[in-house]
Each structure stands twice: as C-alpha cells, then as structure tokens.
1. Has segment 135-155 got at least one residue that is touching a residue at least 12 places away in the same chain (Cβ under 8 Å), in a loop (DSSP other than H, G, I, E, B) and either open to solvent by less than 20 Å² (accessible area, probe 1.4 Å) or small (Gly, Ala, Ser) (or both)?
2. Are any residues in segment 171-223 surrounded by fewer than 22 Cβ atoms within 10 Å (Cβ to Cβ) and among the hydroxyl-bearing types (Ser, Thr, Tyr), and if so, which ones?
3. For a quick check of your reading of the model, give me the residue pairs whose first member lies in segment 40-58 and is closer than 19 Å to Gln93 by Cα, whose second is surrounded by fewer than 19 Cβ atoms within 10 Å (Cβ to Cβ) and among the hydroxyl-bearing types (Ser, Thr, Tyr), with beta-carbon atoms closer than 9 Å and at least 6 apart or on different chains.
4. Considering each of Ala105, Ala162 in turn, give the residue that is open to solvent by 10 Å² or more (accessible area, probe 1.4 Å), farther than 26 Å from Lys56 by Cβ and at pLDDT below 95.
5. Could you check how many residues of segment 272-301 are open to solvent by 20 Å² or more (accessible area, probe 1.4 Å) and either of a type in the set (Ser, Thr, Tyr) or touching a His at 6+ places or on another chain (Cβ under 6 Å) (or both)?
6. Can you say whether Ile230 is modelled with pLDDT of 90 or more and part of a strand (DSSP E or B), as far as the supplied structure shows?
7. Quick check on segment 37-59. Is at least one of its residues more than 25 Å from Trp207 (Cβ to Cβ), open to solvent by less than 20 Å² (accessible area, probe 1.4 Å), at pLDDT below 95 and touching a strand residue (DSSP E or B) at 6+ places or on another chain (Cβ under 8 Å)?
8. Only one of these is in contact (Cβ under 8 Å) with a residue 12 or more places away in the chain and at positive phi: Gly210, Gly235. Name it.
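The values are calculated or read from the model by the stated rules, or taken from the named source; none is laboratory data. Worth saying up front: this structure is predicted, and the values here are computed from it rather than measured. As a convention, Cβ positions derive from the backbone with ideal geometry for all residues, glycine included, and neighbour counts pool all protein chains shown. The area values use the complete protein model at the heavy-atom level, side chains included, leaving out ligands, DNA and RNA. Shrake-Rupley method; radii C 1.70, N 1.55, O 1.52, S 1.80 Å.
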Amino acid sequence: MTVQDPAEVFGDTILIVDFGSQVTQLIARRVREAGVYCEIAPFNASAEAFERLRPKGIIFSGGPSSVMWEDSPRAPQHFFDQKLPILAICYGQQTMAEQLGGRVAASDNREFGRAFIEVVGDSALFDGLWSVGEQHQVWMSHGDRVEQLPEGFSIVAKSEGAPYAIATDEARRFYSMMFHPEVVHTPDGGKLLANFARHICGSAGDWTMGAFRDAKIAEIRKQVGKGRVICGLSGGVDSAVAAVLIHEAIGEQLTCVFVDHGLMRQGEAEQVVSLFRNSYNIPLVHVDAEELFLSGLAGVTDPEKKRKFIGKTFIDVFDEEAGKIGGANFLAQGTLYPDVIESVSFTGGPSVTIKSHHNVGGLPERMNMKLVEPLRELFKDEVRVLGRELGLPEAFVARHPFPGPGLAIRIPGEVTKERCDILRKADAIYLEEIRNAGLYDAIWQAFAVLLPVKTVGVMGDHRTYDSVCGLRAVTSVDGMTADIYPLDAAFLSRCATRIINEVKGINRVVYDYTSKPPGTIEWE
C-alpha cells in the first residue's frame, strides 16, 4: 500500500536519490538513526518521490558511473531550485558540480579505502563536530574528481587525492563530499548525516517506532475496513511482527497460515504454533507439508531450482489453504524496505522477482487479493524494535535471521530428511553453545551448514567416512553489511567436539572466516 500522506505517518522526511551505490541503504539507516524518516528513490523516479514525500531535504548517493559518460545518471534539475538543503555524496558531488556549471575530470590520484581529510573552512555541516585545522578519517571510493567548483561553492575540507573533499555553498545550503559518511569506516559519518538531517534541514527528529505503530494501525484499519486478511507465516521475525501488528489493528478479521515445510531449525515450528495460538490467540492454520516439500526436492541439487520449487510449492499450498478459509480479500506479507528497494532495478523498472529467496513464487493472479504490507518502510533492525513495541517475546524478536528456503540452502547438494535431521542437531548444538557463552545477542547471525563432502576420520578404534559441517557467525547492525565474528579457538573446539560426539553422520567441523564489509551480503 502506498502511503497517501507521508507527513501524517512519518513527520519530516528526507529524500535519498539513488545513483546506484551498493551502500545507498546505509545512508537511509544513518538518517533514520537520527530520528528522521527517509526513503530511497532511483534517480529517474526521484521526481515522483519528491512530490509524494514533500521532503525537508535531499541527499544524492554515490554510484558506479562517471559524469563524463554519455547518458550518465543526473538528478532532476528542478531539485536545485526548490530552496531545500542538498547533500551530495561521491558521484552525487560530481553530478551536482556538473549540473551547476562546475567541471569533473578523471583523476591521476584515485582514492579507495581509508583516507584523511583536513578541515580548512567553516560549515554548518560541522557545527559542534569539527573545527578548522583538524584531520579526520574518512572512507574514499572514487576515480573521478571535481576540478572546478560551481559558482558560489567554497572548499571546506581537502585530502591528498581530493582537493574538494568537502565543498559547500552555505547560502543555498548545498553540501558536497567526496567520501562516504554512511559507512562505519568514516567514524563521524553518522554525526555528519545527523547534522544535515536535523540541524540544516530543520527536521524535528521525532520519528519513533511508537508513532509508526499507531499510524500503521490506523492505516491498516482504513485499508482493510471490514474485509478479511490472511497472512502467511514463515516462522521468521518479519511475518510474525506483521501478523501481530495487523491483529492489533483488526483482531479476528486476520487468519494466519503457517506452511511447515519441514526445513526449519530445531523446535521452531512448535514455537510458532505456540506463540500464535496460546500467547496471542490469533486464528492459525498449521499445515504439515514436510513430505510434499522433501519429495519434490528429491534429486534436486541446483540451489536456484531448490529456491524456485520451495517458493512455488509454498504459494500453491498457501493458496489451497486460503481457499478453504473463504471470504479473505487481503493478503498480508512481511515485505521489508530492502526488499522494496531491490525489487526496483537501477533504471527504475520492476525486476522479475524481489529476491530469489523471498517472493520466489510470485503472487498468482488467481488469488485476486490486495496486499497488506505494513513493514515495507522498515529495515530489519527496525522490525525488531517494532516487535518489542508490540510485546513479542525477546527470544522470538531477537532470533537470528533465517531465509525462507530454510535448511534447503544450508544443505548444498540433495536435500533429504536424514540430512535435514543431521543439520538440525548440529545447528542446535552450535546455537546452544553460543547462548551458553553469552554471545547470541552480540552475533547478528550464526548457523551450521552440512557440506556436500565427506572425509575419512578415526573415532576411537574405528574409521569413519562422514560429512563435514561448516559453522558461520557474522556481526551486522543493519543486515546489509557483515563482518566475521571472532569466535576463539577454545569455543570452536568445544562446539566441534560436541557436534562430532553427539551428531551421527558428521566427523569434521570447519569455521567460515569470510567477511564482507562493506557491501550487500547474502545470508547463506
């Protein structure tokens, strides 16, 4: 559902114009952390977003293009005539300079990674933060650079490779920077963005989850009226929070359908049923479809074919159960803001699917239902905050993310009941040890993988030929970038010993030290 008047729901807003940077979503996270609601729009759809949001300010993201290329992305020219503050980052700085009469050229001194800038002038952007003469660490990622500033701009910070590291036109409240303030590698970046959103744009900074909850409840009631809603529960946090929020809005008009495909972690199916039937008394249809899913996955080894089968079968089973309920004319989904962003291509057109592990089956036209997506403006960590606002148990709200296909994509190769049971036991032991060590909440996501290889080992006086189990643990703030969690050798040794001793079918355990900062991550 599109919000008709965002100001009523979100208060002051900021528009982020996306030029294709892989970390544009991080800009939105930093702005929201300052208590200001914002949305991202592709550059060629930003004019429409501007009219809908009526923002207090605009941010231009970075991007992979060069302003010297033919048909490279540009911001709507009329944005510069709105008398609104504009903050332009990296490629955004370059297109702002070019569009306002400056000049951009390829640089012989490119900067990628950590750099240091020197503050050489005053700016409202630095108020209470930086002073002239100081040096500060930032994160650079550029080849081109501005060589001539537009009229009215002054240099307020410089680096070795970017003489115009920060250039501003204080009179028009135009601010531009060559580095990325949104990534954690720029330590003061969040404060710079907060200064822009709160002080320069004059935003109240009063966007809270309590206000969001109240506004969404009113919005759901208005959208649904006296209609009936069905919600497909996956067992994860997103669909659960969406369901509880909708139930708070319309009560018995909501029925949840939990398709149990037999690919969940140990004990999670029982937890979902207990939570909704006993704690919230929400009407729930529990469908035991394990045999259907496992028989369809027999012999399938290609991961994308697994995803598509699971997605299509889930929709088919859900559709059949929805038909039995009768009278439902709305379908609720736990769609999140990253899903919305990623369902729109860089050129602004819809992609074929959202993500291959989300709505992989699509919504059949035969269902003839309108969507209710109350979380589509929220990031993952914001959904957790909303869940706490709604009173969901902490053990459920703080649960590590678990993609829709479940164990199927944590079992490379063929998925069988036996392999699922082996992985479930190993995964449960790993998570139990993490909880015993008091590390669960410090880790964004931890899980075990049953690798498609076997090794020869010796257990006691016997040789074994069994599977290898991989363990992974990462940290993240927002679910978009991740770094490896540094589990110590003693902890890993303890996990490995328990798994090998207690799980028949595994004789070796390895730890995945892969790290991916910054950039979009895949949680599998």
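1. As a first pass, look at segment 135-155 and keep what is touching a residue at least 12 places away in the same chain (Cβ under 8 Å): 135-155.
Subset that is in a loop (DSSP other than H, G, I, E, B): 149-153.
In the following step, the residues that additionally are either open to solvent by less than 20 Å² (accessible area, probe 1.4 Å) or small (Gly, Ala, Ser) (or both) were identified as 150, 152.
Yes, segment 135-155 contains a residue that is touching a residue at least 12 places away in the same chain (Cβ under 8 Å), in a loop (DSSP other than H, G, I, E, B) and either open to solvent by less than 20 Å² (accessible area, probe 1.4 Å) or small (Gly, Ala, Ser) (or both).
2. Thr208, the sole residue that qualifies.
3. Pro42/Ser345; Pro42/Thr347; Asn44/Thr347
4. Numbers: Ala162 fails: open to solvent by 10 Å² or more (accessible area, probe 1.4 Å).
Exactly one of Ala105, Ala162 is open to solvent by 10 Å² or more (accessible area, probe 1.4 Å), farther than 26 Å from Lys56 by Cβ and at pLDDT below 95, namely Ala105.
5. Residues flagged as open to solvent by 20 Å² or more (accessible area, probe 1.4 Å) and either of a type in the set (Ser, Thr, Tyr) or touching a His at 6+ places or on another chain (Cβ under 6 Å) (or both) within segment 272-301 amount to 6.
6. Numbers: modelled with pLDDT of 90 or more: yes; part of a strand (DSSP E or B): yes.
Judged against the criteria, Ile230 is a match.
7. Here is the first cut: in segment 37-59, the residues more than 25 Å from Trp207 (Cβ to Cβ) are 44.
Those left that are additionally open to solvent by less than 20 Å² (accessible area, probe 1.4 Å): none.
Looking for residues that are more than 25 Å from Trp207 (Cβ to Cβ), open to solvent by less than 20 Å² (accessible area, probe 1.4 Å), at pLDDT below 95 and touching a strand residue (DSSP E or B) at 6+ places or on another chain (Cβ under 8 Å), one finds none in segment 37-59, hence no.
8. Numbers: Gly210 fails: at positive phi.
So the residue among Gly210, Gly235 that is in contact (Cβ under 8 Å) with a residue 12 or more places away in the chain and at positive phi is Gly235.
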